[in-house]
Number of protein chains: 2
Amino acid sequence: MTNNNHKSISGMPSLSLFRLSLYLRYVKALECKGVESVSSKELSHRFSISSALVRKDLGFLGSLGKRGVGYDIAVLKNGLISALGIDKHWNVALVGAGRLGTALVRYTRRAEGPFRIAAILDKYPQRMTKARDLDMEVLHIDSLPEAVQERDIKIGIISVPGSAAQDVADKLVAAGVGAILNFAPAYIEAPDGIFVHNVDFIVYLENLAHHINTNSDIAD
Amino acid sequence: MTNNNHKSISGMPSLSLFRLSLYLRYVKALECKGVESVSSKELSHRFSISSALVRKDLGFLGSLGKRGVGYDIAVLKNGLISALGIDKHWNVALVGAGRLGTALVRYTRRAEGPFRIAAILDKYPQRMTKARDLDMEVLHIDSLPEAVQERDIKIGIISVPGSAAQDVADKLVAAGVGAILNFAPAYIEAPDGIFVHNVDFIVYLENLAHHINTNSDIAD
DNA sequence: AAATGTGAAACATTTCACAGCT
DNA sequence: AGCTGTGAAATGTTTCACATTT
């Protein structure tokens, strides 16, 4: 009975995948409290969705639940970790050692999860005094290819100014990463097969502005 | 012919709304270059979507295009700004003046958009030496209600540790904000009518890990 | 009795295809 | 000729409803 078999769930809706991460964090919290099992109903309340949707989401992991009982915390946690592909460590390169980049490095370390900042790079490594307390050398961006190869880096994080973002993305792709998380205020693209998430602060604020305007007419 | 009439597009798909922000940034860039008009085809290429979808999205703003020609840049820009509800300034409160918070403040200022950080708050304002170069007093979190009232703050940004996030969210809601942007590693909830975006770094990384695993079998 | 797992229905979003302007 | 705007079809996602299991 191996549990090393990566499920590799390709047909899962992308929103389901995001929710799996939320479930995992909640399940971990329950585990810390010593809880032994959880129902789709409890999860549905926590995240304001329907219990049927929770069951559909968890159905992608296989039949992990017990009818009449619920989901065993340990089984569910393992299933989620396996489905998310975080049952091993992932080395990450962070490009842009400014304030945001430094915050992200510290944040990743504190999370103590499967993600390791294996390299920090910048165009001006010597100027990055902000990053000094990170206990890690800031490399010049030109050493990206070697860093990615030698340190088996699969994911790149971009925290440079918007004007430099696409260029950095191209370099990350050329160096061989498989996915990019972009925090710069620019929509970047990558070739097929390279996954990109553009996380744009201003886009979220604009979204909220619209919602406030539309919902409750607080217009002036 | 007023152009102050807020369109208040309620029935727009939420993904369309996000794309409007992307279109706006691109349209602004074209405007700077002196371009006069743009087609749905060009926009569709830029964002790797179908041109029909672009036209559907822009259709929510009204019939702004000219058949056989395309969309006038100035007209489109105004339409997007109006639809997004950013044809006026929005005062924002940022809670959590650590590294991430400081980065977000500077980022917002640099963007020179409609969003103004009108108050920065923290549980330990005096300790926030990182925020010193922001040229703004860091207030104690207890003065949130007065700050929100006096400064007409409609949006709250949370950049505190995950354990404090829901508590801060509750305080923001009590103080009267209409929407919350949460960067803390916690899924926070708010009453109906208050919009929340949970932007969770780790969730994005887990998502990418899954995609890499699923797509190209780099699994050892 | 309680909760899962799942087809089928309902709903939402995207693409297709083409009529209608410029 | 070129491009928008838009019903209709296709696709994707969520909810419903209930048989099934503990």
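The values are calculated or read from the model by the stated rules, or taken from the named source; none is laboratory data. In this text the structure is predicted, and so the values were computed from the model without any measurement. All Cβ positions, glycine included, derive from the backbone under ideal geometry; neighbour counts span all protein chains shown. To get the accessible areas, we keep the full protein, side chains included, count just its heavy atoms, and leave off ligands, DNA and RNA. Shrake-Rupley method; radii C 1.70, N 1.55, O 1.52, S 1.80 Å.
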Q: Go through the residues of region A:89-104 one by one and say whether even a single one is more than 30 Å from B:Ala97 (Cα to Cα), assigned to a helix (DSSP H, G or I) and more than 8 Å from every other protein chain (Cβ to nearest Cβ).
A: no
**Q.** Only listed residue being assigned to a loop (DSSP other than H, G, I, E, B) and more than 6 Å from DNA strand C (Cβ to nearest atom), chosen from A:Val35, A:Val75
**A.** A:Val35
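In region A:114-132, is there at least one residue being part of a helix (DSSP H, G or I), open to solvent by less than 80 Å² (accessible area, probe 1.4 Å) and within 11 Å of chain B (Cβ to nearest Cβ)?
Of region A:114-132, the ones part of a helix (DSSP H, G or I) are A:125-127, A:129-132.
Still in the list and also open to solvent by less than 80 Å² (accessible area, probe 1.4 Å): A:125, A:129, A:131.
Filter once more, keeping what is within 11 Å of chain B (Cβ to nearest Cβ): A:131.
Yes, that holds for at least one residue.
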Q) Got at least one residue in region B:174-184 being touching a residue at least 40 places away in the same chain (Cβ under 8 Å), within 20 Å of A:Tyr107 (Cα to Cα) and not in a helix (DSSP H, G or I)? A) yes
Q: Identify all residues within region B:133-151 that are within 14 Å of chain A (Cβ to nearest Cβ) and more than 25 Å from B:Asp192 (Cβ to Cβ); write none if there are none.
A: B:Asp133, B:Leu134
Q) Residues in region B:152-160: is at least one more than 14 Å from every other protein chain (Cβ to nearest Cβ) and open to solvent by 30 Å² or more (accessible area, probe 1.4 Å)? A) no
Q: Hey, can you tell me all the residues within region B:40-57 that are more than 9 Å from DNA strand C (Cβ to nearest atom) and farther than 20 Å from A:Pro191 by Cα?
A: B:Ser40
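Given the condition among the hydrophobic types (A, V, I, L, M, F, W, C), part of a strand (DSSP E or B), within 12 Å of chain B (Cβ to nearest Cβ) and in contact (Cβ under 8 Å) with a residue 40 or more places away in the chain, answer yes or no: does some residue in region A:46-69 qualify? Outline the logic, then answer.
First, pick out the residues of region A:46-69 that are among the hydrophobic types (A, V, I, L, M, F, W, C): A:47, A:49, A:52-54, A:58, A:60-61, A:64, A:69.
After this cut, where a residue has to be part of a strand (DSSP E or B) as well, the list is none.
Checked region A:46-69: no residue is among the hydrophobic types (A, V, I, L, M, F, W, C), part of a strand (DSSP E or B), within 12 Å of chain B (Cβ to nearest Cβ) and in contact (Cβ under 8 Å) with a residue 40 or more places away in the chain.
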Q. Out of all the residues in region A:19-29, is one or more within 11 Å of DNA strand D (Cβ to nearest atom), in contact with a strand residue (DSSP E or B) (Cβ under 9 Å, 6 or more places away or on another chain) and at pLDDT 95 or above?
A. no
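In region A:16-62, how many are small (Gly, Ala, Ser) and open to solvent by 60 Å² or more (accessible area, probe 1.4 Å)?
Filtering region A:16-62 down to residues small (Gly, Ala, Ser) leaves A:16, A:21, A:29, A:34, A:37, A:39-40, A:44, A:48, A:50-52, A:59, A:62.
Filter once more, so that each one left must be open to solvent by 60 Å² or more (accessible area, probe 1.4 Å): A:48, A:50.
Looking only at that region, the number is 2.
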Q | Test set (1) free of Cβ contacts under 8 Å to residues at least 40 places away in the same chain; (2) assigned by TED's automatic domain parsing to the domain that holds B:Tyr107; (3) farther than 25 Å from B:Leu17 by Cβ - B:Leu144 fails condition number | A | (1)
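With respect to B:Gly156, is the statement that it is part of a loop (DSSP other than H, G, I, E, B) and more than 27 Å from A:Val177 (Cα to Cα) true?
Values: part of a loop (DSSP other than H, G, I, E, B): no; more than 27 Å from A:Val177 (Cα to Cα): yes.
No; evaluated as a whole, the condition is false for this residue.
Restricting the search to region A:185-200, which residues are assigned to a loop (DSSP other than H, G, I, E, B), under 16 Å from B:Asn215 (Cβ atoms) and more than 7 Å from chain B (Cβ to nearest Cβ)? Steps first, please.
Going through region A:185-200, the residues assigned to a loop (DSSP other than H, G, I, E, B) turn out to be A:185-194, A:199-200.
From what's left, under 16 Å from B:Asn215 (Cβ atoms): A:190-194.
A:Ala190, A:Pro191, A:Asp192, A:Ile194, listed by residue number.
Only one residue in A:Leu64, A:Leu30, A:Leu43, A:Leu53 is farther than 30 Å from A:Ala175 by Cα, touching a Leu at 6+ places or on another chain (Cβ under 7 Å) and of a type outside the set (Asp, Glu). Which one? It would help to see each step written out before you state the result.
Values: A:Leu30 fails: touching a Leu at 6+ places or on another chain (Cβ under 7 Å); A:Leu43 fails: touching a Leu at 6+ places or on another chain (Cβ under 7 Å); A:Leu53 fails: touching a Leu at 6+ places or on another chain (Cβ under 7 Å).
Step by step, each of A:Leu64, A:Leu30, A:Leu43, A:Leu53 is checked, and only A:Leu64 is farther than 30 Å from A:Ala175 by Cα, touching a Leu at 6+ places or on another chain (Cβ under 7 Å) and of a type outside the set (Asp, Glu).
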Q) Of the conditions (1) outside any loop (DSSP other than H, G, I, E, B); (2) not assigned by TED's automatic domain parsing to the domain that holds B:Glu150; (3) not polar (S, T, N, Q), B:Tyr107 fails just one. Which one is it? A) (2)
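Just to verify a result, which residue in region B:21-40, among those that are in contact (Cβ under 8 Å) with a residue 40 or more places away in the chain and facing chain A (nearest Cβ under 8 Å), is farthest from B:Val75 (Cα to Cα)?
Of region B:21-40, the ones in contact (Cβ under 8 Å) with a residue 40 or more places away in the chain are B:21, B:23-24, B:27-28, B:30-31.
In the following step, the residues that additionally are facing chain A (nearest Cβ under 8 Å) were identified as B:21, B:24.
Numbers: B:Ser21: 15, B:Leu24: 11 Å.
Per the criteria, the residue is B:Ser21.
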Q: Any chance you could count how many residues in region A:65-78 are surrounded by fewer than 16 Cβ atoms within 10 Å (Cβ to Cβ) and within 15 Å of DNA strand D (Cβ to nearest atom)?
A: 4
